[in-house]
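Asker: What follows is a structure written as structure tokens; I'll ask about it next.
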Amino acid sequence: MSLAAWTIAIGLAHAPELSSLLVVRVAFASAAVLVLALLTFVFVFPASPLPDSRWYWLFAFVGIALSLLSLSPLVVASSTYEPDGLTAVYGPVHRVYAGYVVVGILATFLVLRTKLHSASGRQRLQLRYLALALLVPAVGIATTNLIIPVISGVSSWGRYGPIFSLVFLGVTAHAIIRQRLMDVRLIVGHTISYTAAVIVSGVLFAATLFLIAQPSMYIPELPLAVQLTVAFVFALMFGPLTGALRRVFDRYCYREPYDYSATIRQSSLALASTLDPQQLFKNLLAIIRSSIRPEFLIAYLRDEDRGTFHIMLRDDEDSGDDRPTVIHPEDPVVTVLARRGSVLFREAEHEGDTRDAIAALNSMRAECACPVIHESQLLAILVLGPKLSGDAYYAQDIDLLSTLAGNVAVAIKNAELYQRVALLEEQRRRTERVAESGALTAGIAHEIKNPLVAIRTFAELLPERYEDEEFRSQFGRVMMTEIARIDKLIDRLRGRGPAQTYDLLPLDVQIPLDEVLSLLSAKFEQVGITVVKSIEADSTIINGRLDDLKQLFLNVLINASEEMISGGEIRITISRRDYLGVHTVVVDILDEGSGIAEEIEGRLFHPFMSTKHGSSGLGLWLSRRIADSHNATMRGINRKDRKGALFSIEFPAHSER
């Protein structure tokens, strides 16, 4: 309103028959309000409250005061309209007025710059458009209506100031259409785009006819036959040119049509071949974004344990805080989608629980919700915003959404099946390891039995040959040798016991880890090893046994420290993974030692496997057995970022159910 008042006042002030001192003063008064309005607008954009800074309120007070003083001789004493243009005589407060305008413009761009640094996504893009829309008019208007009059004393250049506001209007309109500036929805309909294309084509056609019909010093007069031929050619081009311009307008307004059949084919290939849920929904979002073009799209995936729906992927850079991160099973949207099995629109019938579901969609500013259902089970929910073009969702869009949802449902089930196969494969490997343990036990029994047989044989002969001194001496040597052999074998097997069966109890995995770190702290300090532990999970509760887990972490950390004889860093990270309803707690231990030797990398957890002199080679094997008894997976690989090894133990997370 202040911009409109200033523009009208400037136009009247520079019109000879309408110019007057009052009009000039009104122009100055509206300009003071315009500067204040500009700064206030930038402060509150896009959705901030009025600033509580005393400097802002002081600036507002000065602006209102100067706006009122502009209607008196203190800012503009007099004005005359001469043949050269408007001339104004300024009052004593005019310099204060000019300083106020300059400070207001500088403060505006300082606030814009600060907001640009902290903004991201679509809001950052909107602020860039806003800065461009304000920078050019502010500099131009300040030059023509303030700087030149103050320096030269001539106000005739002020008539060109409003021209710069066209830049503001143009850039702002573009930002509204393309980036939803200030959440304004400007819908450019098919009729408008077609009319614009016809007008542009008609102007080009008329300009061409005028040029060939009106000879000039650059274009000689053409024969009538040539003129008719050119006119006929341009008449033939009128239709294709109009169609091309209309496609340009439609693309600009997000109304470019898509090939339904080609989109279905591409989506079937992209979704059916994807087993990773994260990548699956990324492909889905890309397909919907390139075809239907909604303002935002959020994919909620069902958590099998809790029955809730959590955000798997989202594409909503603007005001995403308005939308929930979790949708509970009792939510009316879930109830209605599970019952209907079809897309729910915000404009649907308002009856019963549908009314509540539509209210939930309105709170999210969503246009529709699409269910992903497989065998009557709701697996996921797709929440879509209005189309960027402003059009309604047509029947083709609904068919496409339903088809994509069906493909996604099949892909999710394929991913779950793949996950189950992977778990069965891991269980098979675990069974093989148990069988391997049995074979090992038989081998150990054989190793112990051999020296016992020798001792027993000598013991049986001892009563008969007790008087034989040579026999007694030989018996003593054999006994000591074989006992030493058994003792050495027992030393190698120390810490190994028969598989135990016991109940696993809820336990924070940090407890055994911290106890082991405390136990080894002196050793780490002696060799100069630094331990860095980070927790990247909101819950680290698993089902386990404290003593066994202490033994597991002790073995791994001692191995890591023995590899790091010259100091270094051991990094321990505890994180949580949620994959297709399976929740796990992962403990990663990274060292900076020499890494895992290539010749034992594939047999790392086999018994008696070690490259260190004097090592039993049973520490990691025992740790693997403890992990197996906790239904956990354990792996060891060489680090990729630097020299050293990574040991990762993934435990099933404790469930309240």
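The values are calculated or read from the model by the stated rules, or taken from the named source; none is laboratory data. Quantities reported herein were computed from a predicted structural model and do not represent experimental measurements. Positions of Cβ are generated from backbone atoms using ideal geometry, with glycine treated the same way; all protein chains shown enter the neighbour counts.
Asker: Quick check on this structure: which one of Val33, Val62, Val103 is surrounded by fewer than 18 Cβ atoms within 10 Å (Cβ to Cβ) and either in contact (Cβ under 8 Å) with a residue 24 or more places away in the chain or within 19 Å of Val136 (Cα to Cα) (or both)? Don't jump to the end; show me each part of the working.
Answerer: Values: Val33 fails: surrounded by fewer than 18 Cβ atoms within 10 Å (Cβ to Cβ); Val62 fails: surrounded by fewer than 18 Cβ atoms within 10 Å (Cβ to Cβ).
Residue meeting the stated conditions: Val103.
Asker: Which members of segment 170-197 meet the condition of being at pLDDT 70 or above, closer than 26 Å to Leu135 by Cβ and surrounded by 13 or more Cβ atoms within 10 Å (Cβ to Cβ)?
Answerer: Selection gives Val171, Thr172, Ala173, His174, Ala175, Ile176, Ile177, Arg178, Leu181.
Residues checked against (1) at pLDDT 85 or above; (2) touching a Leu at 6+ places or on another chain (Cβ under 6 Å); (3) among the aliphatic types (A, V, I, L, M):
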site: Arg251; (1), (2), (3): no, no, no
site: Pro257; (1), (2), (3): no, no, no
site: Ala299; (1), (2), (3): yes, yes, yes
site: Ile311; (1), (2), (3): yes, no, yes
site: Asp315; (1), (2), (3): no, yes, no
site: Pro332; (1), (2), (3): yes, no, no
site: Thr335; (1), (2), (3): yes, no, no
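Asker: Got a number for residues in segment 1-26 being closer than 17 Å to Tyr160 by Cα, part of a helix (DSSP H, G or I) and in contact with a Leu (Cβ under 9 Å, 6 or more places away or on another chain)?
Answerer: 8
Asker: Of the numbered conditions (1) assigned by TED's automatic domain parsing to the domain that holds Ile292; (2) within 25 Å of Leu388 (Cβ to Cβ); (3) surrounded by 15 or more Cβ atoms within 10 Å (Cβ to Cβ), Thr274 fails exactly one; give the number of that condition.
Answerer: Failed condition: (2).
Asker: Still on this structure, please answer the following. For segment 106-126, give me the residue count where each residue is aliphatic (A, V, I, L, M) and free of Cβ contacts under 8 Å to residues at least 12 places away in the same chain.
Answerer: Going residue by residue through segment 106-126, those that are aliphatic (A, V, I, L, M) are 106-107, 110-112, 116, 119, 125.
Right, trim to free of Cβ contacts under 8 Å to residues at least 12 places away in the same chain and you get 106, 110, 119.
Residues meeting the conditions: 3.
Asker: Could you list, in sequence order, the residues of segment 75-89 that are without any contact (Cβ under 8 Å) to a residue 60 or more places away in the chain and not small (Gly, Ala, Ser)? Reasoning before the result, please.
Answerer: Applying the first criterion (without any contact (Cβ under 8 Å) to a residue 60 or more places away in the chain) to segment 75-89 yields 75-78, 80, 82-83, 89.
Of everything in segment 75-89, those that are without any contact (Cβ under 8 Å) to a residue 60 or more places away in the chain and not small (Gly, Ala, Ser) turn out to be Val75, Val76, Thr80, Glu82, Pro83, Val89.
Asker: Is there a residue in segment 383-394 that is among the basic types (Lys, Arg) and not in a helix (DSSP H, G or I)?
Answerer: In the first step, residues of segment 383-394 are kept if they are among the basic types (Lys, Arg); the result is 387.
Still in the running and not in a helix (DSSP H, G or I): 387.
Scanning segment 383-394, I find at least one residue that is among the basic types (Lys, Arg) and not in a helix (DSSP H, G or I), so the answer is yes.
Asker: Tell me the helices (runs of 4 or more DSSP H) entirely within segment 27-142 that contain at least 2 residues that are under 22 Å from Thr7 (Cα atoms) and of a type in the set (Phe, Trp, Tyr). Let's see the steps before the verdict.
Answerer: Values: elements: 54-69, 94-118, 121-142.
Where helices (runs of 4 or more DSSP H) fall fully within segment 27-142 and carry at least 2 residues being under 22 Å from Thr7 (Cα atoms) and of a type in the set (Phe, Trp, Tyr), they are 94-118.
For every residue, the table says whether it meets (1) closer than 20 Å to Tyr100 by Cβ; (2) in contact (Cβ under 8 Å) with a residue 60 or more places away in the chain.
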position: Ile10; (1), (2): yes, yes
position: Pro16; (1), (2): no, yes
position: Thr40; (1), (2): yes, no
position: Pro51; (1), (2): yes, no
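Asker: May I pose another question? For segment 386-403, which residues satisfy the criterion of being at pLDDT 90 or above and closer than 24 Å to Thr325 by Cα?
Answerer: Residues satisfying the conditions are Leu401, Ser402.
Asker: Report yes if Glu525 is assigned by TED's automatic domain parsing to the domain that holds Arg642, closer than 20 Å to Leu604 by Cα and assigned to a helix (DSSP H, G or I), otherwise no. Give the steps one after another, and end with the answer.
Answerer: Working: assigned by TED's automatic domain parsing to the domain that holds Arg642: yes; closer than 20 Å to Leu604 by Cα: no; assigned to a helix (DSSP H, G or I): yes.
Against the criterion (assigned by TED's automatic domain parsing to the domain that holds Arg642, closer than 20 Å to Leu604 by Cα and assigned to a helix (DSSP H, G or I)), Glu525 does not qualify.
Asker: Can you tell me which residues in segment 538-550 are crowded, with 17+ Cβ neighbours inside 10 Å and not charged (D, E, K, R)?
Answerer: Pass one, segment 538-550, residues crowded, with 17+ Cβ neighbours inside 10 Å: 540-545, 548-550.
Across segment 538-550, the qualifying residues are Thr540, Ile541, Ile542, Asn543, Gly544, Leu549.
Asker: A follow-up question, please. Scan segment 387-407 residue by residue and report those that are more than 13 Å from Ile287 (Cα to Cα), of a type in the set (D, E, K, R) and surrounded by 15 or more Cβ atoms within 10 Å (Cβ to Cβ).
Answerer: Matches in segment 387-407: Lys387, Asp391.
Asker: Now a separate question. Out of everything in segment 294-308 that is under 18 Å from the mean Cα position of the chain (by Cα) and not hydroxyl-bearing (Ser, Thr, Tyr), what residue ends up being nearest to Ala409 (Cα to Cα)?
Answerer: Within segment 294-308, the first condition is being under 18 Å from the mean Cα position of the chain (by Cα), and the residues that meet it are 294-301.
Cutting the leftovers down to not hydroxyl-bearing (Ser, Thr, Tyr) gives us 294-299, 301.
On the way: Pro294: 21, Glu295: 24, Phe296: 21, Leu297: 17, Ile298: 16, Ala299: 13, Leu301: 11 Å.
Restricting to residues being under 18 Å from the mean Cα position of the chain (by Cα) and not hydroxyl-bearing (Ser, Thr, Tyr), the top hit is Leu301.
Asker: Between a residue in segment 637-650 that is on the phi > 0 side of the Ramachandran plot and any residue that is outside any loop (DSSP other than H, G, I, E, B), which pairs come within a Cβ distance under 7 Å, given they are 6 or more apart or on different chains?
Answerer: Every condition considered, the pairs that remain are Gly644/Leu590.
Asker: Just to be sure before I move on: is Val200 surrounded by 12 or more Cβ atoms within 10 Å (Cβ to Cβ) and either at pLDDT below 65 or within 30 Å of Gln123 (Cα to Cα) (or both) in the structure I sent? Steps first, please.
Answerer: Details: surrounded by 12 or more Cβ atoms within 10 Å (Cβ to Cβ): yes; either at pLDDT below 65 or within 30 Å of Gln123 (Cα to Cα) (or both): no.
Judged against the criteria, Val200 is not a match.
Asker: For segment 251-268, what are the residues that are part of a helix (DSSP H, G or I) and farther than 15 Å from Leu285 by Cα?
Answerer: Residues of segment 251-268 part of a helix (DSSP H, G or I): 251-252, 260-268.
Answer for segment 251-268, where residues must be part of a helix (DSSP H, G or I) and farther than 15 Å from Leu285 by Cα: Arg251, Tyr252, Tyr260, Ser261, Ala262, Arg265.
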